[in-house]
1. Here's a check for you: in segment 259-292, which residue that is over 18 Å from the mean Cα position of the chain (by Cα) and free of Cβ contacts under 8 Å to residues at least 24 places away in the same chain is least open to solvent (accessible area, probe 1.4 Å)?
2. Inside segment 50-64, can you point out the residues that are surrounded by fewer than 20 Cβ atoms within 10 Å (Cβ to Cβ) and more than 17 Å from Lys100 (Cα to Cα)?
3. State all residues of segment 196-207 that are surrounded by 12 or more Cβ atoms within 10 Å (Cβ to Cβ) and either closer than 25 Å to Ile113 by Cβ or acidic (Asp, Glu) (or both); if no residue qualifies, say none.
4. Look at segment 196-226 and say how many of its residues are free of Cβ contacts under 8 Å to residues at least 60 places away in the same chain and assigned to a loop (DSSP other than H, G, I, E, B).
5. State whether the residues of segment 334-347 include one that is in contact with a strand residue (DSSP E or B) (Cβ under 9 Å, 6 or more places away or on another chain), touching a residue at least 40 places away in the same chain (Cβ under 8 Å) and within 22 Å of Ile113 (Cβ to Cβ).
6. From Leu67, Leu40, grab the single residue that is modelled with pLDDT of 85 or more, aliphatic (A, V, I, L, M) and surrounded by 15 or more Cβ atoms within 10 Å (Cβ to Cβ).
7. Of the conditions (1) more than 20 Å from the chain's Cα centre (by Cα); (2) open to solvent by 30 Å² or more (accessible area, probe 1.4 Å), Leu45 satisfies every one except a single condition; which number is it?
8. Among (1) open to solvent by 10 Å² or more (accessible area, probe 1.4 Å); (2) within 18 Å of Met220 (Cβ to Cβ); (3) touching a residue at least 40 places away in the same chain (Cβ under 8 Å), which single condition is Val295 missing?
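The values are calculated or read from the model by the stated rules, or taken from the named source; none is laboratory data. What you see is a predicted model, and the numbers here were worked out from it, not measured in a lab. Neighbour counts are summed over all protein chains in view; Cβ atoms, including those assigned to glycine, are modelled from backbone coordinates with ideal geometry. Quick note on the areas: whole protein, heavy atoms, side chains included, nothing else; ligands and nucleic acids left out. Shrake-Rupley method; radii C 1.70, N 1.55, O 1.52, S 1.80 Å.
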Amino acid sequence: MQWHRSMTTSKRVQDRSKKKRVHDLEIVTEKHKILSKVLLIFEVLKKEPQQIISIRELDDYRRQLNLPKPHKLSAFLRKSPKLFELYKDDRGILWCGLTKEAEDLVREEEAIIEQHGDKAAELVTRMLMMSVDKRLALDKIVHFRRDLGLPMDFRNHWVRRFPDHFRVVQPFKPYDESEYLELANWKSSWAMTELERKVLGVMQAPDDHVPGPLSLSFPMKFPPDYKQVLSRYKGKIEDFQKREYLSPYADASELKAGTLEFNKRAVAVMHELLSFTVGKRLVTDYLTHFRKEFVMPQKLMRLLLKHFGIFYVSERGKRFHVYINSAYEGSELIEKHPLIVWREKVLSFVGYRKKKERMDTLTDLQEYEDDDVFKSESEDENVQVENNKLTMGSLEGDFLENESEMEIDEVCSAYRE
């Protein structure tokens, strides 16, 4: 099969027909965008000695919060009075702190993360085992911190708690002062994918397990609107599912980029990484950061969109999100990590006024974020709010790479021989 570009009129990912979107997963994306702002403010306050911060100082986090001016931080905080307290001091400076309910939630999250620390260490170790050099930059792993359920002190303290699994190194000094996490011991019993474990009904592999070729099919789930596409490419999808591929934990150095075997292994790697996350979801550019380390193709977004039965890419906002389709029933995760249950509890406190506002539909969520949240509610704040669309941010996040605005016609042409 030859890969080639289509010469027809191209469309960016953002221009895809709304009919091809999975409404339920778009709701999940919108909820995540709101929740991530709340969690970032939690983390900012936790780092303050008295867990309070002035709105003026909080303004320094606008970029991470994806709250560009003239949208008002105070309006966002006032929207959740069960989580955030606002007050002015004698000088008229506005301060923010956590409510009693929020402080309890923060302690609950810390307990959950501590309780599942060993499992998180296993997942980080398995990431290192999948990498080419058995080493990953800490600057890159930190992007996965919330998604893997790692604590705030991940970089400074947590990584040193598991010397049998990994160690912090600086292998490229003096040219590169960056810190890397390096595998300390290979664990054969962990070198088995989540998909293999589920199919075989085991928690881990035997101690003498050697990763190699696999012939497992990936669970698929298609939107109803894709019936015509399914009919057209049914044979190619079946051929893909039957094709043997190399385990993400096996040596892939001999695979040639662009081959069918190379691309199917890349799908397996992405499926495994997404399986590690508590929400079976990631920001797509977090995956693109690891192309070289995990031996994945340059046009990673193209591969994700091509395999729309396995993955779903939500295109809302500047940052795209990719999901494992089969992990969700509607907008609900089928198997919920305790951190997901906790985050749902946090979200239930968002949007309280005299009565709880319902955020059950995509329209509700869009109205909440785009309009109501950012209205000025302070008598001394008279700011005209523009109709900008805001997107989710994270504490260590970068802006989306240009590659993500790829040509959708290329996805279709990838199937053609």
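1. Thr259
2. Ser54, Ile55, Arg56, Glu57, Asp59, Asp60, Tyr61, Arg62, Arg63, Gln64
3. Across segment 196-207, the qualifying residues are Glu196, Arg197, Lys198, Gln204.
4. Adding up the residues that qualify gives 15.
5. yes
6. Only one candidate passes the filter, namely Leu40.
7. (2)
8. Just one mismatch for Val295, condition (2).
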